[in-house]
Each structure stands twice: as structure tokens, then as C-alpha cells.
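J.: This is the structure I want to talk about, given as C-alpha cells.
Readers should treat all values here as calculations from the given coordinates under stated rules, not as data from a laboratory. Keep in mind it's a predicted model, so treat the numbers as computed, not measured. Cβ placement follows ideal geometry from the backbone for every residue including glycine, while neighbour counts extend to all protein chains displayed.
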Amino acid sequence: MRYYLGSCEYKWKHAKSQLEPIWIQREVTAEIYKLVEDNDWKWVWLRSNSQTLPGDTYCRCDIYVDITDSKQATHFLLKYPKAQFVEAV
């Protein structure tokens, strides 16, 4: 199951660098970031040009998490109701 957790914007030079996880953690909270990492769930970071800032300089990152175990996915959604279920493509 895939859940949308939010989005953030940062400079393209931070994409795929050691700084990117810091931006992601800042958006989703340290608690959720640690939970995803500790359970080895799969992050899905979809990057595109920023719509509000200069797109050649800034990246928009939509943040998703894939949870394969349905029991864990249900528990995650109950604990974090702001997460939105989306169909994985």
C-alpha cells in the first residue's frame, strides 16, 4: 500500500545528495522518518520542477511510503491519519 505523506521544495543540487533526507525528514517529522527507516519500508520520492519557484533551480519532491504488510499499513494509517492512501502505479 502506498501512502502520500506530503511534499517539499529544495534546490536541485540537494536531490540525490546527503541533504535530501534532511529535507524529507523535516517535512514528514522525525518520528515518521524513523518509523519508515526502522521498518525498512520503501520511500518513494517523486521529483519534478518546482511550480512556485524557478524550476531550473528548485525541485519539488512528493513523498510517499510503500508498506507491503497490510497489518502494518493499517496500523500506520490509524496512527497517522493525515497520510493519504494512493494507488501505486
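J.: Considering the options 35, 77, 53, tell which one lies farthest towards the positive end of the dipole of the chain, charges being +1 on Lys and Arg and -1 on Asp and Glu at the Cβ, about the Cα centre.
T.: Farthest along the dipole direction, towards plus: 53.
J.: Could you name the lysines whose alpha carbon sits less than 28 Å from that of residue 79, not counting residues in the same chain fewer than 8 places away?
T.: 34, 42, 71
J.: In Å, what Kirkwood hydrodynamic radius results for the chain from the alpha-carbon pair distances?
T.: 13.5 Å
J.: If contacts are Cα pairs under 8 angstrom and at least 6 residues apart, what is the relative contact order of the chain in percent?
T.: 47 percent
J.: Below 17 Å, Cα to Cα, which aspartates and glutamates can residue 82 reach? Residues fewer than 8 away in the same chain don't count.
T.: Those aspartates and glutamates meeting the cut-off are 27, 31, 62, 66.
J.: Given +1 on the Cβ of Lys and Arg, -1 on the Cβ of Asp and Glu, and no further charges, what dipole in debye does the chain carry about its Cα centre, rounded to the nearest 20? Don't skip to the answer; put the middle values down first.
T.: Working: 12 positive and 12 negative charges, 29 e Å.
Computed about the Cα centre, the dipole is about 140 debye.
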